[in-house]
Amino acid sequence: MAGKRSTRVGGQIFKEISILLVEKIRDPRVRDVTLTGVDLSRDLKSAKVYFSVIGDENAVGGARAGLESAKGVLKKEIGRRLPLRYVPELFFAHDRSLERGMRMEHLLEELKKDDGLFE
């Protein structure tokens with residue numbers, strides 16, 4: 001379980017990376033990336049950054065590669081913008097919750113059409 005400080009700092013890192021992806025990172029692979037969360041370790045030395053992107057596995061792989069290539073710039077800017085003793089190591093993970101939600105919605109629509117449910 002994360003502590004209050006790691007939750008607060010994780011929120012700040014989330015905000016800064018979101019801003020940096022729009023304002024500073026020009027890589028077209030991260031253009032359609034949406035950040036969904038940041039989990040920061042208790043010691044504040046590692047951050048798992050969750051992202052979502054619409055598209056197939058190629059889009060996800062491209063987005064992950066773009067984020068990995070921007071990691072150095074992101075860490076440098078986080079260090080410049082936030083008063084932290086150590087800038088956490090960034091790890092990127094694809095968040096599939098949006099895709100799962102869309103799939104669930106599609107299945108419910110199919111049920112509604114097929115069985116006349118939800119009328």
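Throughout, read-outs are computed from the coordinates displayed, never taken from laboratory work. Keep in mind the model is a prediction, meaning the values are calculated, not measured. Glycine gets a Cβ as well: all are built from the backbone with ideal geometry, and neighbour counts include every protein chain shown.
Summed over qualifying helices (DSSP H, 4 residues or more, each -39500 (n - 2.57)) and divided by its residue number, the chain shows a 222 nm mean residue ellipticity of -18500 deg cm²/dmol. Loop-resident chymotrypsin sites (Phe, Trp or Tyr not before Pro) (DSSP state other than H, G, I, E or B) in the stretch 64-119 with no more than 10 further Cβ atoms inside 10 Å of their Cβ: Tyr86, Phe118. Counting only aspartates and glutamates at least 8 places from Lys4 when in the same chain, those with an alpha carbon closer than 14 Å to its own are Asp39, Asp43.
Phi angles across the stretch 41-50 convert, under the Karplus curve 6.51 cos²θ - 1.76 cosθ + 1.60 with θ = phi - 60°, into 3J(HN,Hα) values of 5, 4, 7, 6, 9, 9, 10, 9, 9, 8 Hz, Gly and Pro given as x. Dipole of the chain computed with +1 at Lys/Arg Cβ and -1 at Asp/Glu Cβ about the Cα centre; of Gly11, Phe51, Leu35, farthest Cα towards the positive end is Gly11. The share of alpha-carbon pairs in the chain lying farther apart than 19 Å comes to 52%. Listed values for the stretch 5-15 are Karplus-derived 3J(HN,Hα) couplings in whole Hz (6.51 cos²θ - 1.76 cosθ + 1.60, θ = phi - 60°), namely 5, 5, 5, 5, 5, x, x, 5, 5, 4, 4, and x replaces Gly and Pro. 3J(HN,Hα) along the stretch 84-95, derived from phi through the Karplus expression 6.51 cos²θ - 1.76 cosθ + 1.60 where θ = phi - 60°, amounts to 10, 5, 10, 7, x, 5, 9, 10, 10, 9, 6, 9 Hz, with x in place of Gly and Pro.
Note on Lys76: aspartates and glutamates with a C-alpha under 18 Å away, same-chain residues under 8 apart excluded, are Glu16, Glu23, Asp27, Glu68, Glu89. Among His106, His94, sorting on how many other beta-carbon atoms sit within 10 Å of each Cβ, with the fewest leading, yields His106, His94.
Take every pair of alpha-carbon atoms less than 8 Å apart whose residues are at least six positions apart; their mean separation over the length of the chain yields a relative contact order of 24 percent.
For a straight C-alpha distance cut-off of 20 angstrom, the lysines reachable from Lys75 (same-chain residues fewer than eight places away being disregarded) are Lys15, Lys24, Lys45, Lys48. Backbone amide hydrogens, once placed in the peptide plane, bring Ser46 within less than 5 Å of Ser41, Glu89, excluding anything fewer than 5 places away on its chain.
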